[in-house]
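**Student:** Handing you this structure, nothing more for now.
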Amino acid sequence: MNTPVIRSQGAQLSRRTFLQHTARATVAAAIAAPFVSRGRVLGANDRIGVGFIGVGGRGRSHVNTVKKLGEAGAAVQIVAVCDAYGFRLDEIAQQLGVQSYRKHQELLADSRVDVVCVATPDRLHVPQAMDAIRAGKDVYCEKPMGHWSQFDRCRQFCAEAQQLGRVVQIGNQGNSSPAWGKVRDLVQQGAVGRLQHVQAGYYRYGDWGERMQIPDPHAKPGPELDWEAFLGDAPQVPFTVERFFSWRRYLDYAGGPCTDLFPHVFTPFVSALGLNFPSLAVASGGVFEFSTYDREVPDTFNMCVDYPEKASVNLVCTLSNDYVTEPAIRGDEGTLTLQNAGGWEGGFDSITVIPHKGERRIVPGLKTEATPLHWQNFLSCVRTRQKPVSDVEFGLKVQAALSMSMLAFLNRKVATFDTVKREILL
Ligand SMILES: NC(=O)c1ccc[n+]([C@@H]2O[C@H](COP(=O)([O-])OP(=O)(O)OC[C@H]3O[C@@H](n4cnc5c(N)ncnc54)[C@H](O)[C@@H]3O)[C@@H](O)[C@H]2O)c1
């Protein structure tokens, strides 16, 4: 009999592997100290109550991940879901048999909710995550941490989360992929010498990512569709079904490859190479291929980010050609290249180590489904109060590079960073 496979976006994990990971997490949870959630003290064996804000494509995938973790024995329980689109919300609430809320503030007032998962459009992440930490919840916040225009709000969120001692995991799940630990080890052992240059990219043919499905072309704002809540702090424009359902096309709610795809490519480098806040960013690109419909975000995007340590990261993306070139990490004594890297979940098949002097060698990598690992890391930190792998300070460093690149691109300027004030300057 075939081993059943648990599927998520772009990767697979066998049920056995999932249970092995889960068993380790459950043991870790059992020995962990109790923690205080809003209104209740949780013991080591109490189940962590999870509420989901946004149950579209990614939110539902998180619901499945957490459900499977619970079924496999992890001390976690889905207690509530929230969405601004009533039909979607009712369907998932009925399936799960849990409480549903139309407004995220109502979900946050539910004392059974200990942690929330925010998987709404980019512009709502940081305002909803901020409300969550102020309500005493820990947060798994999808990437990007905020909309490209919201760096100041992200900085404020970071400061408050640290001050309040909340656990925040930014949803860059590739960061939990074990393969990147090998890159970090090799670089720390001097495989490239002094780090100088990183080159990577995201290549795809197709605009389906931005041209999202419109489930009801006749939908209108009303009791089942909260247009005001969708807009948040975005410009208050009239409703269209395209803006509500296909929001990735529009700069008011999204940024295109830079903020949607580069978090997957870029974040593990920031982590493995120990990069800090950038000093400078430039960017170019535009809508070069998919210009026949209402689309504002670029389909071609190139960004160069310099770091004060005198290292430069260059990322390129085209959505009109899926030919892949291998990521390379260059230093003054050698180069690392990564084979078959990419995808949403993270990892790669192998690392080729190419020293300036001496023999090249191949180190095996690993491609694995990282989202369950990212959740396990988050839930374990919720109990231990340790920092998760994509904690809020780390998330802010990534957000700085993404926001700087978008601002540089849109303004046709060089963006720099004031490390003391943590401000982007144009
Ligand atoms: N880490 C990953 O691999 C990954 C993959 C896909 C998406 N994402 C991220 O997840 C987020 C959601 O993407 P998606 O593809 O699921 O989009 P989606 O449109 O399918 O889902 C978003 C949901 O949020 C709901 N919503 C809108 N405004 C709301 C509000 N004020 N309160 C509550 N719900 C509201 C929408 O009705 C919708 O159901 C994006 O920011 C995206 O970057 C991450």
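**Student:** How about region 294-314: which of its residues are out of contact with any strand residue (DSSP E or B) (no Cβ under 8 Å at 6 or more places or on another chain) and either buried (at least 19 other Cβ atoms within 10 Å of the Cβ) or over 17 Å from ARG412 (Cα atoms) (or both)?
**Tutor:** Scanning region 294-314 gives ASP294, ARG295, VAL297, PRO308.
**Student:** Please verify whether region 197-211 includes one or more residues that are free of Cβ contacts under 8 Å to residues at least 40 places away in the same chain, of a type in the set (Phe, Trp, Tyr) and under 29 Å from GLU369 (Cβ atoms).
**Tutor:** Within region 197-211 (the criterion being free of Cβ contacts under 8 Å to residues at least 40 places away in the same chain, of a type in the set (Phe, Trp, Tyr) and under 29 Å from GLU369 (Cβ atoms)), the answer is yes, since at least one residue qualifies.
**Student:** Pick out the one residue from TYR101, TYR85 that is within 13 Å of the ligand (Cβ to nearest atom), without any contact (Cβ under 8 Å) to a residue 60 or more places away in the chain and hydroxyl-bearing (Ser, Thr, Tyr).
**Tutor:** Exactly one residue qualifies, and that residue is TYR101.
**Student:** Which ones in region 210-248 are surrounded by 15 or more Cβ atoms within 10 Å (Cβ to Cβ) and of a type in the set (Gly, Ala, Ser)?
**Tutor:** Result: ALA219, ALA229, GLY232, ALA234, SER246.
**Student:** Residues to consider are LEU410, LEU402, LEU426; find the one that is touching a residue at least 12 places away in the same chain (Cβ under 8 Å), among the hydrophobic types (A, V, I, L, M, F, W, C) and buried (at least 22 other Cβ atoms within 10 Å of the Cβ).
**Tutor:** LEU402
**Student:** Of these, PHE262, PHE301, which one is farther than 28 Å from GLN188 by Cα, in the same structural domain as ARG412 (by TED's automatic domain parsing) and within 21 Å of the chain's Cα centre (by Cα)?
**Tutor:** Checking each option against the conditions leaves just PHE301.
**Student:** In region 55-167, which strands (runs of 3 or more DSSP E) lie fully inside it and hold 3 or more residues that are outside the structural domain of LYS421 (by TED's automatic domain parsing), among the aliphatic types (A, V, I, L, M) and at negative phi?
**Tutor:** 76-82, 115-118
A quick yes/no check of all residues on (1) within 30 Å of ARG361 (Cα to Cα); (2) out of contact with any helix residue (DSSP H, G or I) (no Cβ under 6 Å at 6 or more places or on another chain):
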| position | (1), (2) |
| --- | --- |
| ASP152 | no, yes |
| GLN162 | no, yes |
| ILE170 | no, no |
| ASN175 | yes, no |
| LYS182 | yes, yes |
| GLY190 | yes, yes |
| GLY193 | yes, yes |
| GLU210 | no, no |
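**Student:** Now for a different question. If I ask for residues that are of a type outside the set (Asp, Glu) and under 10 Å from the mean Cα position of the chain (by Cα), which ones from region 114-145 would you list?
**Tutor:** Residues satisfying the conditions are ALA119, TYR140, CYS141, LYS143, PRO144, MET145.
**Student:** What do you reckon, is VAL139 of a type in the set (A, V, I, L, M), more than 15 Å from the ligand (Cβ to nearest atom) and in contact with a strand residue (DSSP E or B) (Cβ under 6 Å, 6 or more places away or on another chain)?
**Tutor:** Against the criterion (of a type in the set (A, V, I, L, M), more than 15 Å from the ligand (Cβ to nearest atom) and in contact with a strand residue (DSSP E or B) (Cβ under 6 Å, 6 or more places away or on another chain)), VAL139 does not qualify.
**Student:** Looking at (1) within 12 Å of the ligand (Cβ to nearest atom); (2) surrounded by 19 or more Cβ atoms within 10 Å (Cβ to Cβ); (3) closer than 30 Å to ASP90 by Cα, which is the one condition that is false for ASP207?
**Tutor:** Checking ASP207 against (1) within 12 Å of the ligand (Cβ to nearest atom); (2) surrounded by 19 or more Cβ atoms within 10 Å (Cβ to Cβ); (3) closer than 30 Å to ASP90 by Cα, the one that fails is (1).
**Student:** To continue, here is another question. Report the residue count in region 168-204 for those that are in a loop (DSSP other than H, G, I, E, B) and surrounded by 23 or more Cβ atoms within 10 Å (Cβ to Cβ).
**Tutor:** Residues in region 168-204 being in a loop (DSSP other than H, G, I, E, B) and surrounded by 23 or more Cβ atoms within 10 Å (Cβ to Cβ): 3 in total.
The values are calculated or read from the model by the stated rules, or taken from the named source; none is laboratory data. Please read all numbers here as calculations on a predicted model, not as lab measurements. Every residue, glycine among them, receives a Cβ derived from its backbone with ideal geometry; neighbour counts consider all protein chains shown.
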